[in-house]
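Working notes, beginning with the structure itself.
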Amino acid sequence: MTTFAELGLRSEILRALEDLGYREPTPIQAAVIPIALAGRDVLAAAQTGTGKTAGFALPLIEQVAAHANTSTSPARHPIRALILAPTRELAIQVEESVRAYCKHLPLRSLVVYGGVNIDTQIPSLRAGVEILVATPGRLLDHVQNKTLNLSQVSMLVLDEADRMLDMGFMPDLRRIIGLLPAERQNMMFSATFPEEIRRLADSFLKNPERVEVARRNATAETVTQVVHPVHHERKRALLVHLVKSRDLRQVLVFTGTKLMANRLANELNRAGLQAAAIHGDKSQQERIKALDAFKHGEMRILVATDVAARGLDIEALPYVVNYDLPHNAEDYVHRIGRTGRAGARGEAISLVSEAENRYLDDIEKLIKTQLVRQPVPGFTSGSDDLVGYAAAPVVAAPTRARPAKQVAALFLPPAGSGRR
Ligand code: AMP
């Protein structure tokens, strides 16, 4: 087993890792760090939960640390490393990690993202930062305002590149890449490798070393998956019933739309359960407040859309509820990956109406497992129901349904993809 010290990280970084309780590198860290320290470009297939952030941040910090200084002159603190992330939440989390890893070094890091007043970000930028974490749109706003200078950037990281593609950031990314010095090291992390991501990688990575790892906390080991067939009009009542009767706390609920997320959070509050919605239309402050309250156990239920939840790192989240089944089966895997982390047990509960059975079929095909249906008496028909649910058979499959091997496969790109 490799240690962080053997990977060649300086003592200040090792001390920070010790402070954080990181005892040994995760597989992606053990694979990426030596390549990156050798100055090579990296193309990595990795999900949230693998430790990917430290995988790119530690070698980046190690190299930027060569320029660390305590001068107060902004000119001595040019932006040397740029990390791009698709969402504000992810950008904030990445910068928090970077800051923790730099704790014992005189390096400055900063995060800039949209949705907040741009003026508040300018003084810190002007004072100088070595490591900048940004969402693409806001970075370009600053470029346009001439409030930052990218001429000294020697390292670029694209985190969750596939999600940036989904969110329409590809033109922004290409523009940003065009603004950077040609002489630089690049690292690109993505969970999946659709054609457009492969093209982007081909166009800006130089002879990259490819790294693929399975998820650190394989979900099948620790996540129980269950399906409750339910009449579509009874979903909210069933959710309230489950949360109250089982005294569930820290429940992350997924809905298909922002509108539904808002409506459901309001209804849950009316039913006496503290809930908040997070999605793209909420202000940054509202999102941070909701997430903090949820993390600290003051907020029982967080209702989120897929995009808003992406990249959230909430430790040991015990429950994920699919209030609506995702129409894209891979999103199911992403969603339930929010629970059962770090060896903790988790439960993924799906409320499935009859109309959603086709999405359930897709999911079961993807995960190659039939999920257990557990009708809850009283909720399977629109009116009073004691008859039970006839549309979906109760399947006698083991509750812990998915073998680890299959999960690992889900997190790797299909054979041959991501390669030139
Ligand atoms: P990430 O995949 O980067 O979002 O990281 C997932 C979680 O794992 C974060 O909470 C990290 O702080 C944590 N983590 C990352 N690397 C290690 C490590 N080597 N040992 C223990 N925890 C880690």
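The values are calculated or read from the model by the stated rules, or taken from the named source; none is laboratory data. As the structure is a computational prediction, the values presented were derived from the model and not from experiment. Cβ sites come from the backbone with ideal geometry, for glycine too, and all protein chains shown count toward neighbours. Accessible surface areas use protein heavy atoms only, side chains included; no ligands, DNA or RNA. Shrake-Rupley method; radii C 1.70, N 1.55, O 1.52, S 1.80 Å.
Structural remarks
- Here the condition is being without any contact (Cβ under 8 Å) to a residue 40 or more places away in the chain and open to solvent by less than 10 Å² (accessible area, probe 1.4 Å); of Ala271, Ala265, it holds for Ala265 alone.
- For the residues Pro78, Pro25, Pro59, Pro86, the requirement of being more than 13 Å from the ligand (Cβ to nearest atom), surrounded by 23 or more Cβ atoms within 10 Å (Cβ to Cβ) and assigned to a loop (DSSP other than H, G, I, E, B) singles out Pro86.
For (1) assigned by TED's automatic domain parsing to the domain that holds Thr53; (2) modelled with pLDDT of 95 or more; (3) out of contact with any Pro (no Cβ under 8 Å at 6 or more places or on another chain); (4) surrounded by fewer than 21 Cβ atoms within 10 Å (Cβ to Cβ), each residue gets a yes or a no:
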site: Val116; (1), (2), (3), (4): yes, no, yes, yes
site: Glu130; (1), (2), (3), (4): yes, yes, no, no
site: Leu140; (1), (2), (3), (4): yes, yes, yes, yes
site: Thr147; (1), (2), (3), (4): yes, yes, yes, yes
site: Leu165; (1), (2), (3), (4): yes, no, no, yes
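- Exactly one residue out of Leu312, Leu317 is within 13 Å of the ligand (Cβ to nearest atom), in a loop (DSSP other than H, G, I, E, B) and modelled with pLDDT of 75 or more, and it is Leu317.
- Residue, surrounded by the fewest Cβ atoms within 10 Å (Cβ to Cβ), within segment 98-112, restricted to residues that are part of a loop (DSSP other than H, G, I, E, B) and basic (Lys, Arg): Lys103
- Subset of segment 1-57 (residues that are under 23 Å from Arg338 (Cβ atoms) and aromatic (Phe, Trp, Tyr)): Tyr22, Phe56
- Among residues of segment 62-75 being more than 16 Å from the ligand (Cβ to nearest atom) and not aliphatic (A, V, I, L, M), the one that is nearest to the chain's Cα centre (by Cα) is Gln63.
- Within segment 30-51, considering residues that are within 15 Å of the ligand (Cβ to nearest atom) and open to solvent by less than 10 Å² (accessible area, probe 1.4 Å), the one nearest to Pro208 (Cα to Cα): Val42
- Within segment 1-22, being open to solvent by less than 30 Å² (accessible area, probe 1.4 Å), within 17 Å of Val98 (Cα to Cα) and part of a loop (DSSP other than H, G, I, E, B) holds for Phe4, Leu9.
- Neighbours by Cβ (under 9 Å, 6+ apart or cross-chain): first from segment 1-19, within 13 Å of Ala54 (Cβ to Cβ); second in a helix (DSSP H, G or I) and open to solvent by 70 Å² or more (accessible area, probe 1.4 Å): Phe4/Glu18
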